[in-house]
Amino acid sequence: MRVFWARGFAAASTDDLVQAMGIGRQSLYNAFGDKRRLYLEALEAYQQGTVGGHLQRLGAPASPLAGLRDLLLGLIAEDDGLRGLGCMGVGSVGEFGASDPDVAALRAKAAAPLRARLVERIREGQAGGEIDPKIDAGDAADFIAMTMTGLQLAARGGAGLEDLRRMAAFAIDRLTAR
């Protein structure tokens, strides 16, 4: 997974993959069939892990606004090397766009529960007076998802820890009831 995360599908060679996995080329083919199948499995495993973490951070605090803040701040790794990897899912968008139906299906599968929970938390925040009630909850959820993507791309592009935190705080401030 780390090889694909760091390099993407096209730039990850079979030699890179077998070396990282500590197996022979034939073992890779026997276990996964081909590099593409391995990539799809790695992307799915990555997305399951990250979406699970996103949902946990989003739902843990009693305050919906704090959950949204924790979600965004949780994307920002303290470690420069890890932060610089960005997001494997976002990387798959950059590499494939919508051209690969299998990759697009994996992204949609990962995005659906997150968006649904974002809408719920935003509505909770509106009902509790934390989040501006004039904002459409679906639009706000899409804004948070777009912010997540932007933070990951900025991280991959070399943005620093404090800059990313400032961007996350700015996004949360846009939702806050005045």
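Would you mind ranking Ile144, Ile122 so that the residue whose beta carbon has the fewest other beta carbons within 10 Å leads the list?
Neighbour counts put them in this order, fewest first: Ile144, Ile122.
In order along region 156-164, the phi-based Karplus estimate (6.51 cos²θ - 1.76 cosθ + 1.60, θ = phi - 60°) of 3J(HN,Hα) comes to 4, x, x, 4, x, 4, 5, 5, 5 Hz; Gly and Pro are listed as x.
Among Glu162, Glu120, what is the fewest-to-most ranking by other Cβ atoms within 10 Å?
Final ranking by Cβ density, sparse to dense: Glu162, Glu120.
Neighbours of Leu72 by Cβ distance under 10 Å: Lys/Arg scored +1, Asp/Glu scored -1, total +2. Separation of region 67-114 and region 121-163, taken as the distance between their Cα centroids, equals 14 angstrom. Just need the Rg to Rh number for region 2-175, please, alpha carbons only, Kirkwood Rh. Taking Rg over the Kirkwood Rh, I get 1.03.
Phi angles of region 51-68 translate, via the Karplus equation with coefficients 6.51, -1.76, 1.60 and θ = phi - 60°, into HN-Hα couplings of 5, x, x, 4, 5, 5, 5, 5, x, 5, x, 5, 7, x, 5, 5, x, 5 Hz per residue; Gly and Pro are given as x. Of the residues Pro64, Pro113, Pro101, the one that moves most in a GNM of the chain with alpha-carbon contacts below 10 Å is Pro101. Evaluating 6.51 cos²θ - 1.76 cosθ + 1.60 at θ = phi - 60° for every residue in region 100-107, the Karplus couplings come out as 10, x, 5, 5, 4, 5, 5, 5 Hz, glycine and proline recorded as x. Scanning residues 5 or more positions from Asp132 or on other chains, those with amide H under 5 Å from its amide H are Thr176, Ala177, with H placed 1.01 Å from N in the peptide plane.
For the options Ala155, Ala140, Ala11, a Gaussian network treatment of the chain with springs between C-alpha atoms closer than 10 Å singles out Ala11 as fluctuating the most.
Let me check against my output: what whole-number percent is the relative contact order of region 2-175, with C-alpha pairs under 8 Å and at least 6 apart? Once normalised by length, the contact order is 26 percent. Start at zero, step by 10 Å, and the Cα-Cα distances of region 74-164 spread as 16, 36, 34, 13, 0 percent across the bins. For the chain, a Gaussian network of Cα nodes joined below 10 Å ranks Asp132, Asp142, Asp79 by mean-square fluctuation, and the top entry is Asp79. In this structure, the amide hydrogen of Gly86, modeled 1.01 Å from its nitrogen in the peptide plane, lies closer than 5 angstrom to those of Arg156, counting only residues at least 5 positions away or on a different chain.
None of the figures in this text is laboratory data; all of them are computed from the coordinates on show. Predicted, not measured: the structure shown is a model, and the values here were computed from it. So basically every Cβ, Gly included, is an ideal-geometry build from the backbone, and we count neighbours across all protein chains shown.
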